[in-house]
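Enquirer: Have a look at the structure that comes next, please.
The values are calculated or read from the model by the stated rules, or taken from the named source; none is laboratory data. Keep in mind that this is a model prediction, so the values were computed, not measured. Cβ placement follows ideal geometry from the backbone for every residue including glycine, while neighbour counts extend to all protein chains displayed.
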Amino acid sequence: MSVPADPRLILHEDELDAGLELMLLAEASLWAAVDQGLAEAGLGLGRSHWRAAFLLRRRPGIGVQELAHLTSLSKQAASRILVDLAGKGLVEKQAGDVDGRRRSAALTPEGLGFEGAISERLRGQLTRAYRTGGLDGVAGARAILSAMAGGRTRSPTPAGGRP
């Protein structure tokens, strides 16, 4: 359900640039927290590994193609990330229910621990930011971020009809 645009909202280039600057600075702050968590984990993994683990926790059973779609990685890069995570014992891959060639992935208990330790840091940052923005700010932030995420908020349904 899309909300109609408010015709009174006229954004000038400077206002849009200020928004972009804030997004870039917020992104830098989030990635700094991820980097610190990755360093503490000591597994030699990078941001893409944590991002994949986060998405696997939120969307268990996704495969390479969906991970590539969600992250804008190539299929080869998404596959390599899953192989790396599996090699560290953080992910298990299994053949799909409908199509045995489609291999889905799920976090192991160790993978849940890896993902959760880093995500907890980010939830703390987000909690503080949401409290600053207030109730209306939370809804507004979600609407803006969802609109920016575009088609990534709903993943395509794989062949066989199982989301």
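Enquirer: Would you confirm whether any residue within the stretch 65-72 is farther than 18 Å from residue 152 by Cα and surrounded by fewer than 15 Cβ atoms within 10 Å (Cβ to Cβ)?
Expert: no
Enquirer: When you check residue 82 against the structure, is it in contact (Cβ under 8 Å) with a residue 24 or more places away in the chain, in contact with a strand residue (DSSP E or B) (Cβ under 7 Å, 6 or more places away or on another chain) and of a type outside the set (Lys, Arg), yes or no?
Expert: Considered against the rule, which asks whether it is in contact (Cβ under 8 Å) with a residue 24 or more places away in the chain, in contact with a strand residue (DSSP E or B) (Cβ under 7 Å, 6 or more places away or on another chain) and of a type outside the set (Lys, Arg), residue 82 comes out as yes.
Enquirer: Out of the residues in the stretch 115-138 that are within 17 Å of residue 37 (Cβ to Cβ) and small (Gly, Ala, Ser), which is surrounded by the most Cβ atoms within 10 Å (Cβ to Cβ)?
Expert: Checked the stretch 115-138; the qualifying residue surrounded by the most Cβ atoms within 10 Å (Cβ to Cβ) is 119.
Enquirer: So if I check each of 51, 59, which one is under 24 Å from residue 117 (Cβ atoms), within 16 Å of the chain's Cα centre (by Cα) and touching a residue at least 60 places away in the same chain (Cβ under 8 Å)?
Expert: After applying the criteria, what remains is 59.
Enquirer: Would you check if there is a residue in the stretch 1-16 being under 18 Å from residue 114 (Cβ atoms), touching a residue at least 12 places away in the same chain (Cβ under 8 Å) and not acidic (Asp, Glu)?
Expert: Within the stretch 1-16 (the criterion being under 18 Å from residue 114 (Cβ atoms), touching a residue at least 12 places away in the same chain (Cβ under 8 Å) and not acidic (Asp, Glu)), the answer is no, since none of the residues qualifies.
Enquirer: Another question about this same structure. Which residues, counting only those in the stretch 85-98, are in contact (Cβ under 8 Å) with a residue 60 or more places away in the chain and either of a type in the set (Lys, Arg) or surrounded by 15 or more Cβ atoms within 10 Å (Cβ to Cβ) (or both)?
Expert: 96, the sole residue that qualifies.
Enquirer: Which residues, counting only those in the stretch 100-142, are under 18 Å from residue 55 (Cα atoms) and of a type in the set (Ser, Thr, Tyr)?
Expert: Result: 104, 108, 119.
Enquirer: Out of everything in the stretch 5-47 that is over 22 Å from residue 90 (Cβ atoms) and of a type in the set (D, E, K, R), what residue ends up being surrounded by the fewest Cβ atoms within 10 Å (Cβ to Cβ)?
Expert: Selected residue: 8.
Enquirer: List every residue pair whose Cβ atoms lie under 6 Å apart, where the two residues are 6 or more positions apart in sequence or sit on different chains, the first residue falls within the stretch 129-155 and is over 19 Å from residue 25 (Cα atoms) and small (Gly, Ala, Ser), and the second residue, located anywhere, is surrounded by 11 or more Cβ atoms within 10 Å (Cβ to Cβ) and modelled with pLDDT of 90 or more.
Expert: So the pair list comes out as 155/66.
Enquirer: Does residue 38 satisfy the criteria of being over 24 Å from residue 143 (Cα atoms), out of contact with any Lys or Arg (no Cβ under 9 Å at 6 or more places or on another chain) and modelled with pLDDT of 95 or more?
Expert: No; evaluated as a whole, the condition is false for this residue.
Enquirer: Would you mind finding the one in 75, 88 that is among the basic types (Lys, Arg), within 18 Å of the chain's Cα centre (by Cα) and either closer than 19 Å to residue 43 by Cα or at pLDDT 95 or above (or both)?
Expert: Of 75, 88, the one residue that is among the basic types (Lys, Arg), within 18 Å of the chain's Cα centre (by Cα) and either closer than 19 Å to residue 43 by Cα or at pLDDT 95 or above (or both) is 75.
Enquirer: Here is a follow-up. For residue 152, indicate whether it is among the charged types (D, E, K, R), at pLDDT below 90 and touching a Gly at 6+ places or on another chain (Cβ under 6 Å).
Expert: No: the conditions fail for residue 152.
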